[in-house]
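A short write-up of the structure that comes next.
The values are calculated or read from the model by the stated rules, or taken from the named source; none is laboratory data. Remember, predicted model here, so these are calculated numbers, not experimental data. Note: ideal-geometry Cβ built from the backbone for every residue, glycine included; neighbour counts use all protein chains shown. Only protein heavy atoms, including side chains, enter the accessible area calculation; ligands, DNA and RNA are left aside. Shrake-Rupley method; radii C 1.70, N 1.55, O 1.52, S 1.80 Å.
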Amino acid sequence: MISVLLATYNWPQALKLCLESLNQQTDQNFEIIIADDGSKEDTKALIEAMRPSFAVPITHLWQEDIGFRKTHILNQAIAVAKGNYLVFLDGDCIVQSDFIAKHRELAQPGFLLTGSRVILNEALTKSILFWPHWDTKRFFNSLLSYRLSGGINKYLPIKIKLGDGSWRHYKKFVWRRIKGCNMACWKADALAIQGFDESMTGWGHEDADFIFRLQQNGIIRKSGAWATEVFHLFHHIHDQSHAAENARHVREKILAKAR
């Protein structure tokens, strides 16, 4: 089984659309674990209201809001996951109906996957947030016009899905295209490196550190582009005051390994 580890923080409107898109999956053999970094009661109320309509189980993990501690709550989610394969997703992302199916298709022992995203601009995001429910058909019917108007930054990777192959493999660690909002690995491999580095607090680069340590432990990185694209809703930039320090933290590990 696949466990979707869904990170969220105080944006229930986006989380609702994300959950609705997960409820429309062609592959229903998965669970959802919501890793909540301290959202208010409205997020809990939303989850409780939506849970009865889901064919797959939903677990809501919550921790006190004392700053950005995504690494800690994700480690809690890894620990309770019942699936042997973990897909990491953010609550500000909407998934395509074959999202789980494509991740399962690309899953392979000894590999991790870094997925891709399609970025929605502010105007389109605001429009979609007013929809009463996530409507896949409505969105896809306007896909080309969204691209021509600048509402989305990609079109072809949504329309064309490519299969597996060695062309997806990375020869070495590269920082590029690592997105914590869409990546996957085997639970055993995540546990082998003790999950995310919880000393990394504040926004930035905890995902790159996680991928680097998986690769240093012998796991091969595979690209999920042209298969697993998610739709990333526009939001203003997070507090990046810790980003430089977190990046330095990762670079020190890379340099130490090189020596």
Exercise for the section: Might you work out the accessible area of W62 for me, using a 1.4 Å probe with all protein chains in place, and round it to the nearest 10 Å²? Expected result: 140
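What order do E41, E122, E229, E48 take when sorted by accessible area (1.4 Å probe), most exposed first? Can you show the working numbers first?
On the way: E41 135, E122 70, E229 0, E48 90 Å².
Putting E41, E122, E229, E48 in descending order of accessible area: E41, E48, E122, E229.
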Exercise for the section: Quick one: compute the contact order of the stretch 66-161, relative version, from alpha carbon pairs under 8 angstrom and 6+ residues apart, as a percent. Expected result: 24
Exercise for the section: Under a cut-off of 18 Å between alpha-carbon atoms, report the lysines in cross-link reach of K159, not counting same-chain residues fewer than 8 places apart. Expected result: K102, K137
Practice task
With a ≥ b ≥ c taken as the square roots of the eigenvalues of the C-alpha gyration tensor of the stretch 1-128, please select rounded if a/c is under 1.5 and otherwise prolate if a/b is larger than b/c or oblate if it is not?
Solution key: rounded
Handout entry: Computed label-point distance, nm, for sites Q216 and K159 using a 7 Å Cα→Cβ extension
Key = 4.3
Fill in the blank from the handout: Sorted by chain and then number, the residues having a modelled amide H within less than 5 Å of the amide H of F111, at least 5 places away or on another chain, are I220
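Please give the direction-averaged projected area of the C-alpha convex hull for the chain, in square nanometres with one decimal. Show your work: numbers first, answer last.
Numbers: hull surface 53.3 nm².
For the chain, averaging the hull's shadow over all directions gives 13.3 nm².
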Handout entry: Per residue accessible area of the chain, 1.4 Å probe, in Å²
Key = 46
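If I stretch the segment between S149 and W175 completely, what's the gain in nm (0.36 nm per residue apart, minus their alpha carbon distance), one decimal? Could you put the intermediate results ahead of the total?
Details: separation 26, 0.36 × 26 = 9.36 nm, distance 3.02 nm.
Gain in length upon complete extension: 6.3 nm.
Taking all protein chains as present, what is the carbon and sulfur share of the accessible area of the stretch 134-195, in % to the nearest whole number, probe 1.4 Å?
54
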Practice task
Would you list, by chain and number, the aspartates and glutamates whose Cα falls below 20 Å from the Cα of K44, excluding same-chain residues fewer than 8 positions away?
Solution key: E20, E31, D36, E64, D65, D90, D92
